[in-house]
Structures are given as C-alpha cells and as structure tokens.
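Below is one structure; the comments refer to it alone.
Please treat every number below as a calculation from the coordinates, not as lab data. The shown structure was predicted, so the numbers you read here are calculated from the model rather than taken from an experiment. All Cβ positions, even for glycine, are placed from backbone atoms using ideal geometry, and neighbour counts span all protein chains on display.
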Amino acid sequence: MVELRRIYWSRQALRLAYSAAVLWLAASVVLALVPGTNAGTGQLTSSVSDIFRGMFDAVLASAALPGLFVVAPTIAAVIIHAQDVRRRDPVRRFTRQQRREGMTRAGGQCEMEAGFKRRCSRPAEHGDHFYPWSKGGSTSLQNFVAACARCNRAKSSTIPSPGQQERMERRRRDYLTPVGSVSVGERQPLT
Ligand SMILES: [Zn+2]
C-alpha cells in the first residue's frame, strides 16, 4: 500500500492544525475577557448590561479569525469521513478461505507489534484489517493481518503509521515463504 504515508501524514497534519486553532481560539477568548486588554474598559460604564455587551463584542471580535481556523479543518474532516464511508468494502468479514490462508501465512502467530517493536508472541485469534475497514480498508488477503485478541482490541480502527507498515513488512520477510508477498495493506477505490 504505497499511499499510506500520504494518508497518514495528511491526517496527522489536519489533527495538529485543528488542535492549534482550538488553542488559539481559547487563548483569544480568555485574553478578550481579561480587563484592560480591550478598548473601552477604562471608561466608566453606566450599567451591568453595557459591561456584558462590551465583553460579548470583545469576545466576538477576537474569536472570529481563530474561529475560521477551527471551522476549516472541521469541514475537511467531515469530507474525509464521508469519503471513507463511500470507500467501505461491502464485505466486512473475511471469508473462511482468506482466514485460513492468512493464518497459515502467519504460522498461527500474531503479526502485530508488541513492546520494543518486536513481533507479538501470542497465538493469533482474529483476522484484522491492517488498513481499517471503517476507513475504506479492503477485505482482502492483502489487507489481512493475523492478530491476537489483545492486539486486535488495542489497534481498533486506527490507521497504522508508515513506520508500523515498514516494520511489519520487514518482519514478514523472516517468516513468510519466498513466494508469499510481504506487502501489507489495501484500500478500496473511491467510487
Ligand atoms: Zn498480539
């Protein structure tokens, strides 16, 4: 799966942009509420409602720009999610044949990463979608990874990092027969 690097890093960048914008927004609101930082607080105000209106205007004015920067990645995330849903493989469960082949390929041992970036030593119990099914991962032998219950649960529907993919392919070179392909991961086309 060659496009994993691009998918992984663009989603990480989006998450980072969103977090930064939320922090900026929060800081802007707090600063707008600190007395003396906005114009008008030095003057004598006539009533409580004037004070609150002044605070509201100050918050609105300073939150507008960071607010836009929060909205933009949110819209991008909604579009990405909709595309993931459209990509979903109509078949979610691996066939008996795929499970048998995938488990044999792994020698019945979990293929996931345990501590110190080594292969997990527990027996495999589940067939896992390497690229998550919910995000458009194919229900294919190419995307099949043998996993123990604990690793399967821990991974859930997170997109693996390019590093994890690289290391799994490197580990597979040690236990797969020369004819078997070590490459892992497959995503459905956008239809
Ligand atoms: Zn495991």
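What FRET efficiency comes out for Leu176 versus Val71 if R0 is 41 angstrom and r is the Cβ-Cβ distance? Round to the nearest 0.05. Don't skip to the end; give the middle numbers.
Values: r = 47 Å, r/R0 = 1.14.
Once the sixth-power term is evaluated, E becomes 0.30.
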Proximal charge balance of Leu176 [Cβ under 15 Å; K/R count +1, D/E count -1]: +3
query: Given H placed 1.01 Å from N in the peptide plane, which residues other than close sequence neighbours of Arg119 have an amide H under 5 Å from its amide H?
result: Ala114
message: Can you list residues from other chains, or at least 5 along the same chain, whose modelled amide H is less than 5 Å from the amide H of Arg187?
response: Ser138
task: Starting at the first residue of region 71-83, write each ³J(HN,Hα) from the Karplus equation 6.51 cos²θ - 1.76 cosθ + 1.60 with θ = phi - 60°, in whole Hz, x for Gly and Pro.
output: 5, 4, x, 5, 4, 4, 5, 5, 5, 4, 5, 4, 5
query: Once region 4-87 is represented by equal point scatterers at the alpha-carbon sites, with solvent omitted, what log10 I(q)/I(0) does the Debye formula produce at q = 0.14, 0.16 Å⁻¹?
result: -0.61, -0.70
message: Treating only the Cα positions of the chain as identical point scatterers, give the base-10 log of I(q)/I(0) from the Debye formula at each q in 0.08, 0.10, 0.13 Å⁻¹.
response: -0.43, -0.57, -0.75
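How big, on average over all directions, is the shadow cast by the Cα convex hull of region 96-175, in nm²? Please report the intermediate quantities before stating the final value.
Values: hull surface 19.4 nm².
Result: 4.8 nm².
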query: Which of Phe116, Asn152, Thr104 sits closest to the plus end of the dipole of region 96-175, meaning its Cα is farthest towards the positive end, when Lys and Arg get +1 and Asp and Glu get -1 on the C-beta?
result: Phe116
query: For the chain, with the dipole built from +1 on Lys and Arg beta-carbon atoms and -1 on Asp and Glu ones, taken about the Cα centre, which of Val71, Tyr175, His129 lies farthest toward the positive end?
result: Tyr175
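About its Cα centre, how strong a charge dipole does the chain have in debye, to the nearest 20, once Lys and Arg get +1 and Asp and Glu get -1 at the Cβ? If you can, show how the numbers build up before the last one.
Working: 28 positive and 14 negative charges, 228 e Å.
For this selection, approximately 1100 debye.
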